[in-house]
Amino acid sequence: GPDLPEHCAGFLRTLLQRDEPVMIKETRFYDKLEAIRGIAPADSVLVHVIRDPRAVAASMMMGKGRSRSYSSAEEFFGEREKRKLWSSRQLSKFLLQRPEYSHIRKPANFERILLVWKHTFESTWREGRLLFGDRYVLLRNEELRADPVAAIARIYEATGRRTPPEVAEWARGKVRDPEAPYAANDPRWSEAFAELEMEDVLRDSGYGSLAESIE
């Protein structure tokens, strides 16, 4: 929902009122950007970091360090066990009540995560551009991994600053190389994208090749 609890708003104000530059990382600001815009200084930059939805689904289902393993792709794509999945089950439950998803019955866990990914991207992308204008930066995780210095430079550029050399040097040594998503070419990904009507959102987010797999 659009509301921001007052204790959360107060905490953010405390951080944003500091004298030095501040960056806040938060994963649950989608749907709340109008409230955030009212708190943030006028020259604030919104950096919207996203990741290949296939990688997000695999990460949530397998856990940190892939602590949960699957014996086969069939087991992965067929899993419907009631797990929290970083709240994706609860969030997807609300989204599935919408009329546009009335045709979906008993979605697999990976489909629930894709549904939440779609909503959180669309909401942030739409409101972020509207409320922050050219101070909205869309950054794909894969871009950051492939060329961390160039990706970070885009953020500093949006703030009107140059990337400090020490930041660039740190990024070169710390950011991990890109990696292929789990079962990246399995047709069940594109089937799920089609069922959830994700073609447009995949193109808007820069994952056009995934959108083409639907056609």
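Residues being in contact with a Lys or Arg (Cβ under 9 Å, 6 or more places away or on another chain), open to solvent by 60 Å² or more (accessible area, probe 1.4 Å) and not basic (Lys, Arg): count how many of those fall in segment 168-179.
3
Listed here are the residues, each with its yes/no results for (1) open to solvent by 40 Å² or more (accessible area, probe 1.4 Å); (2) of a type in the set (D, E, K, R); (3) at pLDDT 95 or above; (4) outside any helix (DSSP H, G or I).
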{"residue": "His103", "(1), (2), (3), (4)": "yes, no, no, yes"}
{"residue": "Lys106", "(1), (2), (3), (4)": "yes, yes, no, yes"}
{"residue": "Arg112", "(1), (2), (3), (4)": "no, yes, yes, no"}
{"residue": "Trp117", "(1), (2), (3), (4)": "no, no, yes, no"}
{"residue": "Thr124", "(1), (2), (3), (4)": "no, no, yes, no"}
{"residue": "Gly160", "(1), (2), (3), (4)": "yes, no, no, yes"}
{"residue": "Glu166", "(1), (2), (3), (4)": "yes, yes, yes, no"}
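This table checks each residue for (1) without any contact (Cβ under 8 Å) to a residue 24 or more places away in the chain; (2) open to solvent by less than 30 Å² (accessible area, probe 1.4 Å).
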| residue | (1), (2) |
| --- | --- |
| Leu15 | yes, no |
| Val49 | no, no |
| Glu75 | yes, no |
| Ser88 | no, yes |
| Lys93 | yes, no |
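Does segment 26-37 hold any residues that are modelled with pLDDT of 95 or more and either loosely packed, with under 10 Cβ neighbours inside 10 Å or of a type in the set (D, E, K, R) (or both), and which are they?
Residues satisfying the conditions are Asp31, Lys32, Glu34, Arg37.
Can you tell me which residue in segment 180-215 is nearest to Gly78 (Cα to Cα), limited to those that are open to solvent by 100 Å² or more (accessible area, probe 1.4 Å), assigned to a loop (DSSP other than H, G, I, E, B) and free of Cβ contacts under 8 Å to residues at least 60 places away in the same chain?
The residue in question is Asn185.
Do you know which residues across segment 51-71 are in contact with a helix residue (DSSP H, G or I) (Cβ under 7 Å, 6 or more places away or on another chain), assigned to a helix (DSSP H, G or I) and open to solvent by less than 20 Å² (accessible area, probe 1.4 Å)?
Pro53, Ala57, Met61
The values are calculated or read from the model by the stated rules, or taken from the named source; none is laboratory data. It should be emphasised that the depicted structure is a prediction, and the values quoted were computed from it without experimental measurement. Using ideal geometry, Cβ is built from the backbone for each residue, glycine included, and neighbour counts are taken over all protein chains shown. To get the accessible areas, we keep the full protein, side chains included, count just its heavy atoms, and leave off ligands, DNA and RNA. Shrake-Rupley method; radii C 1.70, N 1.55, O 1.52, S 1.80 Å.
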